[in-house]
Structure formats: C-alpha cells, structure tokens
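The values are calculated or read from the model by the stated rules, or taken from the named source; none is laboratory data. Note that the structure is predicted; figures quoted are calculated from it, not measured. All Cβ positions, even for glycine, are placed from backbone atoms using ideal geometry, and neighbour counts span all protein chains on display. Only protein heavy atoms, including side chains, enter the accessible area calculation; ligands, DNA and RNA are left aside. Shrake-Rupley method; radii C 1.70, N 1.55, O 1.52, S 1.80 Å.
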Amino acid sequence: MSVAPGTDGVLVDRYGRVARDLRVSLTDKCNLRCTYCMPAEGLPWLAGPEVLTDEEVVRLVRVAVERLGVTEVRFTGGEPLIRPGLLGIVTAVAALEPRPRISLTTNGIGLDRLAPALREAGLDRVNVSLDTLDPARFTTLTRRPRLDAVLAGLAGAAAAGLSPVKINSVLMRGVNEDEAPALLRFAVDHDYQLRIIEQMPLDAQHGWDRHTMVTAEEILTSLRTVFDLSPDPAERGAAPAETWLVDGGPARVGVIASVTRPFCGDCDRTRLTADGQVRACLFATEESDLRAALRAGTDDDELARRWRTAMWGKRAGHGIDDPTFLQPTRPMSAIGG
Ligand code: SF4
C-alpha cells in the first residue's frame with residue numbers, strides 16, 4: 001500500500017499506480033452526432049463561463065507537468081479541433097519544462113487544414129476516430145456526411161509529419177462489426193495504426209448493452225479471417241491497447257478491451273474536464289473541482305495538493321462487472337478519450 005499524498009511528489013493512488021498521462025477535454029461540443037455517443041439534437045453544452053479559459057488550461061497543465069510528474073498530455077473533447085485557442089494551448093504546453101509528449105484525439109474534420117500548424121506548435125501524434133469506410137454507413141453512424149473530410153484529415157496528419165497516426169474504431173453488432181478486416185487493410189496500406197475499442201457504457205443516452213458490444217475475442221476472430229496476427233514483442237506498459245503484429249509486422253493492430261480484458265491495474269491516466277474538474281478514472285462518479293480554486297486565487301502548491309488528493313482516492317478499476325456499477329452522469333463527450 002503506498003503512502004498518502006504529501007505536499008510534493010507525483011500523482012499516486014492508494015494502489016500505488018502513478019498517473020503520468022493527462023487527458024484534457026478542451027470542449028464538450030462536437031461537430032458530429034455519433035449514435036453511440038449523443039442524441040441527434042446534441043446535448044445541453046457547458047455555458048461559456050463554465051469552460052476553462054486558454055490561460056487556465058495552460059496553467060493547470062503546467063502545474064501537472066512541473067509539479068506532479070505528468071509526462072504525456074492528450075487533448076480531447078468533444079471535438080478539440082473546434083476549440084478556437086487550440087494552437088495557442090499546444091504552443092504553450094510544448095514550451096513547458098520538462099516538455100511533455102503531446103497528442104490529440106479527434107474526429108479528423110479540419111485536421112487536413114490544421115495539421116501543419118499543430119505540428120509546428122508542438123503536437124507529436126494523433127488519434128483519429130473512424131468507425132467505417134462506407135460513406136452511407138458513416139452518415140448513418142455520425143449523422144453527418146463527412147467521411148471525405150475525415151480521410152483528408154488522416155492524410156493531412158501523416159503529410160504534416162505527425163507520428164504515429166492512429167485510427168480509433170468502435171465496432172457495434174449489426175452496424176459495422178463486419179468492417180474490422182477492411183479497416184485494418186486500410187490502416188496497413190496507409191501506414192496508420194488501427195486501434196479497435198470495445199464500446200463502453202459512457203453514452204449520453206445510457207443505452208449501452210453488454211450483449212450488443214463486440215468483444216475483443218470477436219474482433220480478433222474477425223481479423224484473423226484475413227490476417228495472421230502474432231503477439232507483439234514490444235513492452236505494453238500502461239498502454240490501453242493490447243497489440244499484435246500483422247502478417248509478421250512491422251504493421252501492428254491494437255485492441256482496447258476495457259470491458260472484457262480490463263487494464264485498470266496498470267492505469268497511468270488522470271483527466272481534466274473542460275470545466276476544470278479532475279476525474280481519477282474514465283468511469284469516476286466523483287470529481288474534484290479545480291476551477292473554483294483556480295478562480296479563487298489559489299496558488300500552484302495548493303492546486304497540486306488538491307490534484308494529488310483527488311488521485312489518491314482512485315478506485316481499483318471501472319467496476320463495470322460489479323452489480324453496483326453506476327454509469328457516470330457525465331457523458332463521454334464531456335470526458336474525452
Ligand atoms: S477504467 Fe479507469 S482505472 Fe480503468 S484503465 Fe480506464 S481510467 Fe484507468
């Protein structure tokens with residue numbers, strides 16, 4: 001059992017896990033309406049004053065990097081590309097010492113236009129969400145006819161030198177589960193790294209059903225109908241994805257099996273929402289408010305202490321299999337990947 005958080009040191013929890021990977025949701029808004037994420041009409045968005053300003057985001061990330069041992073910063077949303085101050089935030093975070101690795105999770109719309117400037121600002125790598133290569137199915141799944149823009153975003157990211165360029169795909173039974181091999185073929189042919197994610201109970205509609213979820217086992221079986229998958233010798237560490245070599249490599253494919261093969265024991269993630277709340281876990285039902293403290297003039301030491309305390313109480317795992325499991329009230333679109 002680790003020692004309770006003191007006035008200095010890293011973000012350790014009571015199970016001894018150390019959080020080094022900070023996920024920052026920059027907005028709860030999005031320009032798509034994915035059926036497994038939110039209703040067609042969208043959601044009641046955070047009001048402007050509730051959302052951290054660019055300066056407040058940078059200050060909290062600076063506290064995390066300089067005082068709490070964070071080495072990875074991932075910007076998410078909603079859709080982070082629609083945040084007007086994104087470039088300035090990336091530039092400021094890239095100037096921090098020690099410099100964290102900076103990544104982005106995006107739906108890719110507009111990435112073709114923004115990738116060169118983001119790369120220049122300090123962005124290192126990107127994950128683009130793409131669940132289908134079929135234009136009609138894309139429009140059904142996202143309620144927007146924007147597949148071309150996403151494909152252009154992927155190509156733009158690679159052309160700008162972001163690396164790796166990863167694709168995040170969610171498969172749903174009776175919707176797009178037949179596309180696993182085609183998505184992998186596409187990724188291998190374009191030198192993107194595919195990550196197939198088990199659908200998680202984080203949708204705003206609370207409609208998740210374990211039985212319609214496509215499991216890691218089913219995903220691998222489907223991929224193996226076309227590809228030879230062999231264990232990846234590379235160290236996994238705290239990475240969410242379990243990876244395999246495709247046809248002997250060097251191409252790899254990953255499966256993020258949060259539900260059927262949870263990896264909480266090695267979790268190194270901490271999260272900051274767009275309205276300044278710390279979430280110790282994707283499935284946390286409690287949050288710690290740093291925004292109020294920030295706006296009340298609290299100093300960096302105290303902000304760091306509060307962040308440590310928030311992480312100390314992190315639960316052992318997501319508890320999805322517990323009969324007492326409660327889906328968080330905050331939807332995925334306001335937590336970020
Ligand atoms: S569910 Fe929570 S504890 Fe488990 S890996 Fe994800 S963030 Fe970490």
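Tabulated data
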quantity	calculated
Qualifying positions in region 302-317 - away from the ligand (no atom under 13 Å from the Cβ) and not basic (K, R)	E302, L303, A304, W307, T309, A310, W312
Residue match in region 288-301 (condition: in contact (Cβ under 8 Å) with a residue 12 or more places away in the chain and within 16 Å of the ligand (Cβ to nearest atom))	yes
Residue in region 258-281 that is nearest to the ligand (Cβ to nearest atom), counting only those that are of a type in the set (A, V, I, L, M) and either surrounded by 20 or more Cβ atoms within 10 Å (Cβ to Cβ) or without any contact (Cβ under 8 Å) to a residue 24 or more places away in the chain (or both)	A280
Subset of region 244-257 that is more than 16 Å from the ligand (Cβ to nearest atom) and outside any loop (DSSP other than H, G, I, E, B) - its residue that is most open to solvent (accessible area, probe 1.4 Å)	R252
Search result, residues across region 227-243 that are open to solvent by 30 Å² or more (accessible area, probe 1.4 Å), away from the ligand (no atom under 13 Å from the Cβ) and among the hydrophobic types (A, V, I, L, M, F, W, C)	A234
Test for L96: is it modelled with pLDDT of 95 or more and assigned to a loop (DSSP other than H, G, I, E, B)	yes
Number of the exception - P84 against (1) surrounded by fewer than 18 Cβ atoms within 10 Å (Cβ to Cβ); (2) touching a Pro at 6+ places or on another chain (Cβ under 9 Å); (3) part of a loop (DSSP other than H, G, I, E, B)	(2)
Verdict on E55 being under 20 Å from K166 (Cα atoms), open to solvent by 20 Å² or more (accessible area, probe 1.4 Å), without any contact (Cβ under 8 Å) to a residue 12 or more places away in the chain and of a type outside the set (A, V, I, L, M, F, W, C)	no
When residues of region 69-80 are limited to those that are in a loop (DSSP other than H, G, I, E, B) and under 17 Å from A95 (Cα atoms), the one most open to solvent (accessible area, probe 1.4 Å)	T71
Residue among R224, R195 that is among the basic types (K, R) and open to solvent by less than 50 Å² (accessible area, probe 1.4 Å)	R195
Sole exception among (1) out of contact with any Ser or Thr (no Cβ under 9 Å at 6 or more places or on another chain); (2) open to solvent by 60 Å² or more (accessible area, probe 1.4 Å) for V61, by number	(2)
Region 231-246, residues that are without any contact (Cβ under 8 Å) to a residue 40 or more places away in the chain and under 20 Å from T221 (Cβ atoms)	P231, D232, E242, T243, W244, L245
